[in-house]
Amino acid sequence: MNDTNDQVDKGSTRTIDGRVSSAKSAKTITVVIERQEQHGLYGKLLRRSSKLHAHDEKGECHEGDLVRIAECRPLSKTKHFRVVEVLARAAE
């Protein structure tokens with residue numbers, strides 16, 4: 001028998017940086033993730049974006065803030081990310 005108290009690493013959670021596009025809901029923000037990818041045939045750079053809903057427990061995020069969100073268990077039908085930290089505040 002092995003009597004050591006080793007903790008099992010469940011893997012690192014996925015974190016994403018993005019800009020808050022809406023903070024109108026209570027405890028929920030909408031984060032826009034922008035990326036560039038290259039067209040498969042022509043090689044032109046294309047701008048793509050995704051909108052994700054994230055849980056903001058303290059209500060500290062506002063529109064325009066740069067935030068880091070992490071994947072978590074599903075919190076509602078569309079919300080499965082949570083706010084880890086606010087990286088930069090929006091200029092007002």
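Brief remarks on what is shown
- Residue check for E71: charged (D, E, K, R), in contact (Cβ under 8 Å) with a residue 24 or more places away in the chain and out of contact with any Cys (no Cβ under 6 Å at 6 or more places or on another chain): yes
- Evaluation of K79 against (1) under 16 Å from S21 (Cβ atoms); (2) open to solvent by 80 Å² or more (accessible area, probe 1.4 Å) (one fails), failing number: (2)
- Any hit, region 32-52, residues being open to solvent by less than 80 Å² (accessible area, probe 1.4 Å), assigned to a loop (DSSP other than H, G, I, E, B), at pLDDT 95 or above and not basic (K, R): yes
- Positions within region 53-68 being open to solvent by less than 80 Å² (accessible area, probe 1.4 Å), free of Cβ contacts under 8 Å to residues at least 40 places away in the same chain and among the charged types (D, E, K, R), in sequence order: D56, E60
The values are calculated or read from the model by the stated rules, or taken from the named source; none is laboratory data. Since this is a predicted model, take the numbers as computed values, not measurements. Quick reminder, even Gly has a Cβ in these numbers, built from the backbone with ideal geometry, and neighbours come from all protein chains shown. Only protein heavy atoms, including side chains, enter the accessible area calculation; ligands, DNA and RNA are left aside. Shrake-Rupley method; radii C 1.70, N 1.55, O 1.52, S 1.80 Å.
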